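**Student:** Supplied in structure tokens, the structure appears directly below.
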Amino acid sequence: MNIFEFIFYIILIYLISAVFIFWVLTNNIFIFRSREYVIPFGQETHTQTKGMLLPEKVRYWKCVNPHSSDEKWVVLLHSWGRNSARMVSRGEVYWNRGYSILFVDAYSHGQTRYYYTSTALWFAEHAHKICVNEGIQNPILHGLSFGSIASTIFSAHWGSRALVAEALPNNIKGTFYGFLRVLHIPTWLYSWEIFLLFHSGFPWQKVEPANNLPKIKVPIFLIHGENDSMFPIETHFKRNLELIKPTDFNWVVSGSPHSKMGRNINYNSKLNEFIDYVENEF
């Protein structure tokens, strides 16, 4: 192999890898995860409806709590690469308090159709459309990571009773860089793709948590892992704290990595404390 052939193959490999990285940045690379999961709430009481938002082909579960009033709803939105089953443990807290629950799978996740890309904006829009179709008004929004971005969009643009945002990034550009970093993908080789994404005409301003948090007038609870390597506290959580109200709740979960805060022994009590505040004050 001469030098020109060597250079040709190096460029070819780089271009192929660039296509893969673009997919990593814009879609669910964990598409191989099983779609055979069950959402338990409302099954025994036959008050669960497994629906499909059309024409988008977005899967959702409407779980009506038999001990709930019509006003007590929570919308649970999962993290990137996961599905609604990821939010079941969070749902138990609400279900035990008499809340009905709406679970939604994002594009290219879980039992929702595969689409050429998946965005938090579309996740929020689909969740809102389902709420309108199903007559769900003024729910609590509770999202994890990718789902927390979508929950923040929903709450800022269409309103909610309260917002619980776990592992919420402060800015989307930092989200992309953090994702590449934890996957050990050299950002210096592919940062131009992030630049192109931000000059693609997509309405990023509607997605930015830093833009949406100040618009939210209802109670907010920010939960963040102390050891979150994807969205480090200094560059994301602490900046978000500057954007919320003095009366809002926040909790840094000791020793927790990204998106694992629900495993903390104090998680349920902390979440219940916030819900108590929402129910008693608002």
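**Student:** If you scan the range 196-216, which residues turn out to be in a helix (DSSP H, G or I) and either of a type in the set (S, T, N, Q) or more than 19 Å from ASN27 (Cβ to Cβ) (or both)? Steps first, answer last, please.
**Tutor:** If we filter the range 196-216 for residues that are in a helix (DSSP H, G or I), which is where we start, we get 196-197, 204-207, 209-215.
The answer is GLN205, LYS206, PRO209, ALA210, ASN211, ASN212, LEU213, PRO214, LYS215.
**Student:** Tell me which residues, restricted to the range 84-99, are touching a residue at least 40 places away in the same chain (Cβ under 8 Å) and not in a helix (DSSP H, G or I).
**Tutor:** If the condition is that a residue be touching a residue at least 40 places away in the same chain (Cβ under 8 Å) and not in a helix (DSSP H, G or I), then ARG97, TYR99 are the ones that fit.
**Student:** Please list, ordered by residue number, the strands (runs of 3 or more DSSP E) wholly in the range 1-83 having 2 or more residues that are surrounded by fewer than 20 Cβ atoms within 10 Å (Cβ to Cβ). Step through it out loud before you land on a result.
**Tutor:** Values: elements: 48-53, 58-63, 73-77.
In the range 1-83, 48-53 are the strands (runs of 3 or more DSSP E) which contain 2 or more residues that are surrounded by fewer than 20 Cβ atoms within 10 Å (Cβ to Cβ).
**Student:** Return the only residue of SER148, SER191 being in a helix (DSSP H, G or I) and in contact (Cβ under 8 Å) with a residue 60 or more places away in the chain.
**Tutor:** Details: SER191 fails: in contact (Cβ under 8 Å) with a residue 60 or more places away in the chain.
On inspection, the qualifying residue turns out to be SER148.
**Student:** When both residues are 6+ apart or on different chains and their Cβ atoms are under 9 Å apart, which pairs have a first residue that lies in the range 210-235 and is farther than 15 Å from ALA165 by Cβ, and a second that is in a strand (DSSP E or B) and open to solvent by 10 Å² or more (accessible area, probe 1.4 Å)?
**Tutor:** So the pair list comes out as GLU226/VAL252.
**Student:** Enumerate the pairs (first residue in the range 112-123 and surrounded by fewer than 19 Cβ atoms within 10 Å (Cβ to Cβ); second residue anywhere and modelled with pLDDT under 95 and not in a loop (DSSP other than H, G, I, E, B)) with beta-carbon separation below 7 Å, excluding pairs fewer than 6 apart on the same chain, so at least 6 apart or on different chains.
**Tutor:** From residues that are surrounded by fewer than 19 Cβ atoms within 10 Å (Cβ to Cβ), the pairs are THR117/THR26.
**Student:** Suppose we filter the range 84-102 for residues that are polar (S, T, N, Q) and surrounded by 23 or more Cβ atoms within 10 Å (Cβ to Cβ); how many remain?
**Tutor:** As a first pass, look at the range 84-102 and keep what is polar (S, T, N, Q): 84, 89, 96, 100.
So of that shortlist, the ones also surrounded by 23 or more Cβ atoms within 10 Å (Cβ to Cβ) come out as 84, 100.
Residues that pass the stated criteria total 2.
**Student:** Please work out which residue is modelled with the highest pLDDT, limiting yourself to the range 170-185 and to residues that are open to solvent by less than 30 Å² (accessible area, probe 1.4 Å) and within 16 Å of the chain's Cα centre (by Cα).
**Tutor:** So in the range 170-185, the residues open to solvent by less than 30 Å² (accessible area, probe 1.4 Å) come out as 170, 172, 174-176, 178-180, 185.
Add one more test, that the residue is within 16 Å of the chain's Cα centre (by Cα), and what stays is 170, 172, 174-176, 178-179.
Details: ASN170: 97, ILE172: 94, GLY174: 93, THR175: 94, PHE176: 94, GLY178: 92, PHE179: 90.
Among residues in the range 170-185 that are open to solvent by less than 30 Å² (accessible area, probe 1.4 Å) and within 16 Å of the chain's Cα centre (by Cα), the one modelled with the highest pLDDT is ASN170.
**Student:** Still on this structure, I have one more. Which residues, taken from the range 124-141, are small (Gly, Ala, Ser) and surrounded by 17 or more Cβ atoms within 10 Å (Cβ to Cβ)?
**Tutor:** Filtering the range 124-141 down to residues small (Gly, Ala, Ser) leaves 124, 127, 135.
If the condition is that a residue be small (Gly, Ala, Ser) and surrounded by 17 or more Cβ atoms within 10 Å (Cβ to Cβ), then ALA124, ALA127 are the ones that fit.
**Student:** Does TRP188 count as aromatic (Phe, Trp, Tyr), modelled with pLDDT of 95 or more, surrounded by fewer than 22 Cβ atoms within 10 Å (Cβ to Cβ) and out of contact with any Pro (no Cβ under 9 Å at 6 or more places or on another chain)?
**Tutor:** Numbers: aromatic (Phe, Trp, Tyr): yes; modelled with pLDDT of 95 or more: no; surrounded by fewer than 22 Cβ atoms within 10 Å (Cβ to Cβ): yes; out of contact with any Pro (no Cβ under 9 Å at 6 or more places or on another chain): yes.
Here the answer is no, as TRP188 does not meet what is asked.
**Student:** Here is a further query. Can you confirm whether ILE153 is within 21 Å of LYS270 (Cα to Cα) and in contact with a helix residue (DSSP H, G or I) (Cβ under 9 Å, 6 or more places away or on another chain)? Steps first, please.
**Tutor:** Numbers: within 21 Å of LYS270 (Cα to Cα): no; in contact with a helix residue (DSSP H, G or I) (Cβ under 9 Å, 6 or more places away or on another chain): yes.
When the stated conditions are applied, ILE153 does not pass them.
**Student:** Further, regarding this structure: Within 23 Å of ASN280 (Cα to Cα), open to solvent by less than 10 Å² (accessible area, probe 1.4 Å) and among the small types (Gly, Ala, Ser): which single residue out of ALA150, ALA156, ALA167, ALA162 fits that description?
**Tutor:** Numbers: ALA150 fails: within 23 Å of ASN280 (Cα to Cα); ALA156 fails: open to solvent by less than 10 Å² (accessible area, probe 1.4 Å); ALA167 fails: within 23 Å of ASN280 (Cα to Cα).
Sole residue among the options that is within 23 Å of ASN280 (Cα to Cα), open to solvent by less than 10 Å² (accessible area, probe 1.4 Å) and among the small types (Gly, Ala, Ser): ALA162.
**Student:** Based on what the data block shows, is VAL164 touching a residue at least 24 places away in the same chain (Cβ under 8 Å) and touching a Ser or Thr at 6+ places or on another chain (Cβ under 7 Å)? So that I can check it myself, show each step before the final result.
**Tutor:** On the way: touching a residue at least 24 places away in the same chain (Cβ under 8 Å): yes; touching a Ser or Thr at 6+ places or on another chain (Cβ under 7 Å): no.
No.
The values are calculated or read from the model by the stated rules, or taken from the named source; none is laboratory data. All of these numbers come straight from a predicted model, not from anything done at the bench. Ideal geometry is used to build each Cβ from the backbone, glycine not excepted, and the neighbour counts take in all protein chains shown. For the accessible areas, the whole protein counts, side chains as well, though only heavy atoms, and no ligand, DNA or RNA atoms are used. Shrake-Rupley method; radii C 1.70, N 1.55, O 1.52, S 1.80 Å.
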